[in-house]
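Participant: Quick one: the structure is below, and I'll ask about it shortly.
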Amino acid sequence: MRVGIFGGTFDPVHLGHMIIAEQVMVELRLDHVMFVPGGIPPHKEASSVRATAEDRYAMVEAAVMGNESFSADRVEVDAGRAMHSVETVGILKERAPEDEWFFVTGADEVSNLLSWKEPDRLLEEVVMVAATRPGYDLSKLDHLEAGLRNFDRIFPVECTRVDISATGIRRRMLQGKSIRYLVPEAVREIIIERRLYERDAKRAEGEQLREEIR
Ligand code: ATP
């Protein structure tokens, strides 16, 4: 089996994520892509993550539902702490060491690879897939070559560029704007049901904002 690990904060998971998972899977003939929502990621400010790990996991679970090639994995959520990718990959690979493992990431994240924990060891364990993202030219990966022994284990994949970010979705929510068609519908329902990403003051206003968004 060829398995992709797609790690992220997924705060929330959105169609940009779904599109790269699908296109990388097809391009690299992966059998399966595992979405792995993180605890608080080591490189992000804890305060910038808005939804709880359980809410982010629930959204990912809803997003992958109905696609047998995708799954959601709890390894980082259950750890309840920040985990470096090299650690996560080690745990997941133990389940099926004979499989071929790929790590799916946006090219913007890959360009910071030198600041990740043990990037060369990570590249020994997995092929790193750098999916294109609007605003991130693949030439921005060139500087990595000098810093990594295993640079040739980074594999760029040209994906349809979709300018959707979790930050943008959270901002739209705060502004009371629609996020329909930016996230899978089942994810939008969770966001509204659980009142994720609403401004505290707005929450106090009760149903009004929810009605506007619906
Ligand atoms: P935030 O805006 O909060 O930083 P995000 O939209 O980048 O979040 P993450 O959960 O941090 O979402 O992303 C997980 C992975 O998906 C990262 O490797 C990121 O580069 C990639 N990614 C996210 N959105 C896109 C997109 N629109 N196109 C390509 N890659 C993306």
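Participant: Note down all Cβ pairs under 7 Å where the first residue falls in the range 187-200 and is under 14 Å from residue 49 (Cα atoms), the second is of a type in the set (Val, Ile, Thr) and at pLDDT 95 or above, and they're at least six residues apart or on different chains.
Facilitator: Pairs that qualify, where the first residue is under 14 Å from residue 49 (Cα atoms) and the partner is of a type in the set (Val, Ile, Thr) and at pLDDT 95 or above, are 197/191.
Participant: May I pose another question? Which count do you get for residues in the range 112-140 that are closer than 17 Å to residue 161 by Cα and out of contact with any Cys (no Cβ under 6 Å at 6 or more places or on another chain)?
Facilitator: 10
Participant: Working carefully through the options 103, 70, find the one that is in contact with a strand residue (DSSP E or B) (Cβ under 6 Å, 6 or more places away or on another chain), surrounded by 15 or more Cβ atoms within 10 Å (Cβ to Cβ) and touching a residue at least 60 places away in the same chain (Cβ under 8 Å).
Facilitator: One residue alone meets the criteria, 103.
Participant: Give just the number: which of (1) crowded, with 20+ Cβ neighbours inside 10 Å; (2) among the aliphatic types (A, V, I, L, M); (3) in contact with a helix residue (DSSP H, G or I) (Cβ under 7 Å, 6 or more places away or on another chain); (4) under 22 Å from residue 103 (Cα atoms) does residue 166 not satisfy?
Facilitator: Exception for residue 166: condition (3).
Participant: May I ask you to verify whether residue 22 is more than 14 Å from the ligand (Cβ to nearest atom) and either modelled with pLDDT under 90 or part of a helix (DSSP H, G or I) (or both)?
Facilitator: Against the criterion (more than 14 Å from the ligand (Cβ to nearest atom) and either modelled with pLDDT under 90 or part of a helix (DSSP H, G or I) (or both)), residue 22 does not qualify.
Participant: Continuing with the same structure: Looking at 30, 114, can you tell me which residue is more than 13 Å from the ligand (Cβ to nearest atom), in contact (Cβ under 8 Å) with a residue 24 or more places away in the chain and in a helix (DSSP H, G or I)?
Facilitator: 114
The values are calculated or read from the model by the stated rules, or taken from the named source; none is laboratory data. The model shown is predicted, which means the values in this text are computed figures rather than measured ones. Don't worry about glycine lacking a Cβ; one is built from the backbone with ideal geometry, like all the others, and counts go over all protein chains shown.
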